[in-house]
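Single-structure report; data block below.
The values are calculated or read from the model by the stated rules, or taken from the named source; none is laboratory data. None of the values given here were measured: they were computed from a predicted structure. Methodologically, a virtual Cβ is constructed for each residue, glycine included, from the backbone with ideal geometry; neighbour enumeration extends over all protein chains shown.
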Amino acid sequence: MPQIILNSKKITFQKKYSTRAKSIRISIRNWELILIIPKPWFFSSKDNIEKKALDFLISKKDWIFKHLWNQQGGFSPLSKNPDLNNNTRIHYLKYKEEARKVCEEKCKLWWIKMWISYNRISIKSLKTKWGSCSSKKNLNFNYKILFLSEKNKNYLIVHELSHLVHMNHSSNFWDLVCETLGNEEFRKYKMLVD
């Protein structure tokens, strides 16, 4: 697989040629970076499109880092923790109930401090998210929350509970997150995972 160096990190990516694509684009699926290149060639040659595609990839380095290293958006494929990189169903089934227990305990702990009621907690094998909530006050968490630091576990729980009050990322939402966790560092917090 081809690699590119961004911010001194080697990132592996996959090249996909598409007859439907009208322009060069990138996407992330299952924590893998994919460079999509239009085909047939709308450019003068295959070499030319390859160079343009690589230049495009480099120009999107901020987007790539946001989505690969901001752990609200996905896991880093460079994580040192093998459990965060294991995407098999067997792994999910092995740790699902343990993750549920952690989430239930932490939700009860923070509920006492926040006085925000919630209904059901679901544990899922989410591909690109750490958690979500619904207008029915149901909470969903990625089972891989189990392998995060205590700081990140607490942040994720508080983040989703805060969405039950503010279903957006407004300043009021971030005020609630920071006030609950007692630290301004959590304003638009970018989770990093080792």
Residue satisfying condition, being at pLDDT below 95 and exposed (fewer than 14 other Cβ atoms within 10 Å of the Cβ), within set K101, K113: K113
Checking F13, F43, F75, F65 in turn, the sole residue that is surrounded by 14 or more Cβ atoms within 10 Å (Cβ to Cβ), more than 20 Å from the chain's Cα centre (by Cα), at pLDDT below 85 and among the aromatic types (F, W, Y) turns out to be F43
Residue in region 114-129 that is more than 27 Å from I28 (Cα to Cα), in contact (Cβ under 8 Å) with a residue 24 or more places away in the chain and either part of a helix (DSSP H, G or I) or of a type in the set (D, E, K, R) (or both) present: yes
Look at N168 and say whether it is of a type outside the set (A, V, I, L, M) and at pLDDT 95 or above. no
